[in-house]
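Have a look at the structure below before the remarks.
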Amino acid sequence: MSEQSPIEAFLDELTTGADYQDQIQHLQVIPPQPARYDELDVQLSPQVETILDNLGLDRLYRHQVRAIEQVFAGKNVVIAAGTASGKTLCYTVPLAQAIYEDPTTRAILVYPTKALAQDQLGKLSDFGAGEVFTANTYDGDTPQSQRRRIRQYSQVILTNPDMLHMAVCPYHQSWADFFEHLKYVVLDEVHTYRGVFGSHTANVLRRLRRIAQYHGAEPQFICSSATVGNPGEHCRRLVGADFEVISEDTSARGRRFFVFWNPPLLEPDSGRRRSGSVEAAKLTVALAGRGIRTLTFTQARQHAELILQYMRELAGDERLSERLMAYRGGYLPEQRRQIEQQLFSGDLLAVAATSALELGVDIGGLDAVVMTGYPGSISSAWQQVGRAGRGQHDSLAVLVALPGGIDQYVIEHPEYLLDAAQERVLINPDNRFILGQHLLCAAYELSLAEDDEDFFGPQMPAILQTLEKHNYLRKRRRWHWSGDVDIYPPAEVNIRSSAGGEFEIIDASCDELLGTIDEHSVYWITYPGAVYLHQGEDYLVTDLDIEEYRITVEPTDVEYYTQTLEMSDVDVIEAYDRRELAGCGQIGLGEVNVHNQVVGYRKFNRESGQQCGSEKLNLPAQDYETVGVWLTLSEAAAQMLAAHKCHPMGSLHALEHALVALLPLFALCEAHDIGGVSYFYHKALDGGGVFIYDGYPGGVGICEEAYYRAEEVLGAVYERITNCSCEAGCPGCVQSPSCGDDNQPLDKTGAALLAQLWATGRTEPATSGNKPQNGN
């Protein structure tokens, strides 16, 4: 009998422990995969051959060979494969070869985060960076005193889309020699460029290609991605060029144990479960206590700090507590670097992190990953899972479900993560609000001509006319920037959010800078009265100064966390399309105007997750035009609800919450990317209905996906509601923690009936033991 691995022994101890209450809903043992190799059909330079020999790479994976050969053939290439599959080699080999053959060669390597760029710089040294050729990071942390030298002498720069947008494209004349010899542009982790960020980045890359052409270069693009359903289409929309797709992963991997963990029910009638954050912290401490190095992912910066707090309380041992840490965006650069180094060296045994550590930063060999909630996409889930088990050793991945509908659906359907086809990445570079901003930036960089439509698409002429009408541009054969001399257009565009500018967070007790937060997130995270967590310490937001972009906090010691309450109103501007739903309803797609406001916040006890108070707020509302879908309550549907004695408004309201909760499973977006509102009567519908809208002005493709996949989404909603054991609605089916109407009224049965009717055309009530009950 073979000896148990540390992971197997841990699982045995876990399932026989006193605290185990059948939390494991499913355990999948993924067998190891042997490597498959191939021979390159091209001759590498002696220098590159020597480098590969020194690295012990006498053989290349089959997918690496195919990718390198396509690059050498002059094609744009995207490699879609799992974590630790050797994607980096697919661009470092061609890059090193090109520089050794021609030292004037230049390349830009683009990473979604500064941390990843810093990490990859170290790996480039294996291929001669620092000795045979010069490579430097160029990001917000690069001292001003070094930037001129980097522009003049670097052969390779490692940067991010923000710096391309703010500091490279607008100053392209200072980079003239670099652009003239630009051969490769590498885009790493392209699956992260989705939604708002992806749509902005697509336009930044169009500006980059246009500038390169102006300087006489036509660079090749090499992209790497996690496994997604549309890598070629996504890269074509992102870059504006065709791609060869390499999607076979032929790398070796060890055995992986994948656990689907649902916290135990505390109150079956209400659906209340034990806190997912507490469960994740317990698992992490148990793993770390056995020397199993663990990375615990959370979905929000507050939760990373909260779980760190739980872990340190549970550790008991001060020596163990000191080896636990949190990691998230918003930390100062030196703090991030220190944590990365401590994790790599093994000084830290466990880190609670946001997705900032999801990507390929080298943090050494980890044994386990705990995901606190479904991370929002299949690709992100597998990126996080892949952070453990590099090499042939056993690894562990645990998905701890949160109470929301999307988590409970995934726990009930492990095949969604394990067997389902990967989802499609959605961006909308033609969004007129986003494109208009980048056309102003492009005109500032280099006057626009009619043939620039080849870069920016057929909407360009109409948008340029609008910008000219408002005196941002003037036309003299070409369109020229004519704005205020004091305005720097790129500074007006925050490519990572729907609003520009960053707020500083100041600790009033010592008048020191704690961190920063983008303008769009301020009303949802650092509103007055919010509990803001930083490195495991609680801070109470005492003041929000919108004009000065300043948030004041002070240390506090409270037993609750906070969550916003929101109110929305929607008007239809123009209907793009309408169609029938299963012959029993109608769905519409079109442009809508949204009025959204944070009206208060709730307080929740950290240990129990129960609400323990609420406060009202008077913050500015946000009005914007975007894309929405709407489902109209037909007379037949209303009669069905009446026949089953269901509350019409409660049914629509509950269905709205369930749709918003589950749509991210089908449209690859985050929950905060969408919103919803329901009406007993709306003039545009001439009756009752439900609206779901894109959370960004102009939309980024989410509602279009919802429109065409509505029956699938509604079917999943029906199944989630009918599978939920609660009596009248809970956060796992039809309640929303951010509902400004305090989740009133809600009718669970009516929502299930509407979802079933519009998904299938059937009107039979549920017959299972979990039949939903009326909540009116």
### Task
For residues that are at pLDDT below 90, in a strand (DSSP E or B) and closer than 17 Å to Gly676 by Cα, tally how many sit in the range 598-624.
3
### Task
For the range 597-612, indicate whether the set of residues that are over 29 Å from the mean Cα position of the chain (by Cα) and under 24 Å from Gln309 (Cβ atoms) is non-empty.
yes
### Task
Could you tell me whether the range 111-118 includes any residue that is surrounded by fewer than 19 Cβ atoms within 10 Å (Cβ to Cβ) and either closer than 25 Å to Asn76 by Cβ or polar (S, T, N, Q) (or both)?
no
### Task
Tell me which residues, restricted to the range 1-34, are under 20 Å from Ala388 (Cα atoms), touching a helix residue (DSSP H, G or I) at 6+ places or on another chain (Cβ under 9 Å) and not β-branched (Val, Ile, Thr).
Gln4, Phe10, Leu14, His26, Leu27, Gln28
### Task
Search the range 410-426 for residues being assigned to a helix (DSSP H, G or I) and either open to solvent by less than 30 Å² (accessible area, probe 1.4 Å) or of a type in the set (Gly, Ala, Ser) (or both), and hand back the single one that is farthest from Gly271 (Cα to Cα).
Leu417
### Query
Going through the range 713-767 one residue at a time, which ones are β-branched (Val, Ile, Thr), touching a helix residue (DSSP H, G or I) at 6+ places or on another chain (Cβ under 7 Å) and over 27 Å from Cys669 (Cα atoms)?
Thr763
### Query
How many residues are part of a strand (DSSP E or B) and either out of contact with any helix residue (DSSP H, G or I) (no Cβ under 9 Å at 6 or more places or on another chain) or surrounded by fewer than 24 Cβ atoms within 10 Å (Cβ to Cβ) (or both) when one looks only at the range 627-648?
2
### Query
Of the residues that make up the range 206-222, is at least one aliphatic (A, V, I, L, M), open to solvent by 10 Å² or more (accessible area, probe 1.4 Å) and modelled with pLDDT of 95 or more?
no
### Message
Regarding the range 9-29, can at least one residue be identified that is open to solvent by 80 Å² or more (accessible area, probe 1.4 Å) and of a type in the set (Val, Ile, Thr)?
### Response
yes
### Test result for Arg149, open to solvent by 10 Å² or more (accessible area, probe 1.4 Å), touching a residue at least 12 places away in the same chain (Cβ under 8 Å) and assigned to a helix (DSSP H, G or I)
no
## Note on the structure
Checked against (1) under 30 Å from the mean Cα position of the chain (by Cα); (2) over 19 Å from Thr159 (Cα atoms); (3) not in a helix (DSSP H, G or I), Gly140 satisfies every condition except (2)
### Task
Go through the range 30-48 and give me each residue that's open to solvent by 70 Å² or more (accessible area, probe 1.4 Å) and farther than 16 Å from Ala81 by Cβ.
Pro31, Pro32, Glu39, Asp41, Gln43, Pro46, Gln47
### Query
When residues of the range 634-655 are filtered for being in contact (Cβ under 8 Å) with a residue 60 or more places away in the chain and touching a Pro at 6+ places or on another chain (Cβ under 8 Å), how many remain?
6
### Query
What about Tyr696, is it buried (at least 21 other Cβ atoms within 10 Å of the Cβ) and without any contact (Cβ under 8 Å) to a residue 40 or more places away in the chain?
no
### Matching residues, the range 497-523, being modelled with pLDDT of 90 or more, open to solvent by 60 Å² or more (accessible area, probe 1.4 Å) and not in a loop (DSSP other than H, G, I, E, B)
Glu504, Glu512, Leu513
#### Entry: Condition check for Ala661: at pLDDT below 95, touching a helix residue (DSSP H, G or I) at 6+ places or on another chain (Cβ under 7 Å) and either open to solvent by less than 20 Å² (accessible area, probe 1.4 Å) or not in a helix (DSSP H, G or I) (or both)
no
### Task
Sort out which residues of the range 223-238 are within 25 Å of Thr626 (Cα to Cα) and open to solvent by 20 Å² or more (accessible area, probe 1.4 Å), and write them in order of number.
Glu233, Arg236, Arg237
### Task
Taking only the range 207-227 into account, find how many residues are out of contact with any Leu (no Cβ under 9 Å at 6 or more places or on another chain), more than 17 Å from Lys75 (Cβ to Cβ) and either in a helix (DSSP H, G or I) or not hydrophobic (A, V, I, L, M, F, W, C) (or both).
3
### Query
Within the range 152-167, how many residues are touching a residue at least 60 places away in the same chain (Cβ under 8 Å) and in a helix (DSSP H, G or I)?
4
### Pick from the range 723-744, criterion more than 23 Å from Tyr601 (Cα to Cα) and assigned to a loop (DSSP other than H, G, I, E, B), ranking: most open to solvent (accessible area, probe 1.4 Å)
Glu727
### Task
State the number of residues belonging to the range 74-109 that are in a helix (DSSP H, G or I), hydrophobic (A, V, I, L, M, F, W, C), surrounded by 24 or more Cβ atoms within 10 Å (Cβ to Cβ) and in contact (Cβ under 8 Å) with a residue 60 or more places away in the chain.
2
### Residue within the range 478-496 that is among the aromatic types (Phe, Trp, Tyr), at pLDDT 90 or above and part of a helix (DSSP H, G or I) present
no
### Message
Among the numbered criteria (1) under 30 Å from Arg209 (Cβ atoms); (2) in contact with a Ser or Thr (Cβ under 6 Å, 6 or more places away or on another chain), which one does Ala315 miss?
### Response
(1)
### Query
Would you say Val553 is modelled with pLDDT under 90 and either over 26 Å from the mean Cα position of the chain (by Cα) or in a strand (DSSP E or B) (or both)?
no
### Query
within 25 Å of Tyr718 (Cα to Cα) and either among the aromatic types (Phe, Trp, Tyr) or outside any strand (DSSP E or B) (or both): does that describe Ile463?
no
## Note on the structure
Of the listed residues (Ser651, Ser678), the one being at pLDDT 90 or above, among the polar types (S, T, N, Q) and part of a strand (DSSP E or B) is Ser678
## Note on the structure
Quick count over the range 32-59, residues being under 13 Å from Phe127 (Cβ atoms) and outside any helix (DSSP H, G or I), is 4
### Query
Among the residues of the range 461-494 satisfying the criterion of being of a type in the set (A, V, I, L, M) and under 22 Å from Ala167 (Cα atoms), which is surrounded by the fewest Cβ atoms within 10 Å (Cβ to Cβ)?
Val485
### Message
Testing Glu705 on (1) modelled with pLDDT under 95; (2) under 23 Å from Cys584 (Cα atoms); (3) in a strand (DSSP E or B); (4) of a type outside the set (A, V, I, L, M, F, W, C), one condition comes back false. Which one is that?
### Response
(3)
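The values are calculated or read from the model by the stated rules, or taken from the named source; none is laboratory data. What you see is a predicted model; the values in this text were computed from it and never measured. Neighbour counts run over all protein chains shown; Cβ positions are idealised from the backbone, glycine included. The protein model used for the area step is the full one, side chains on, heavy atoms only, and it has no ligands, DNA or RNA in it. Shrake-Rupley method; radii C 1.70, N 1.55, O 1.52, S 1.80 Å.
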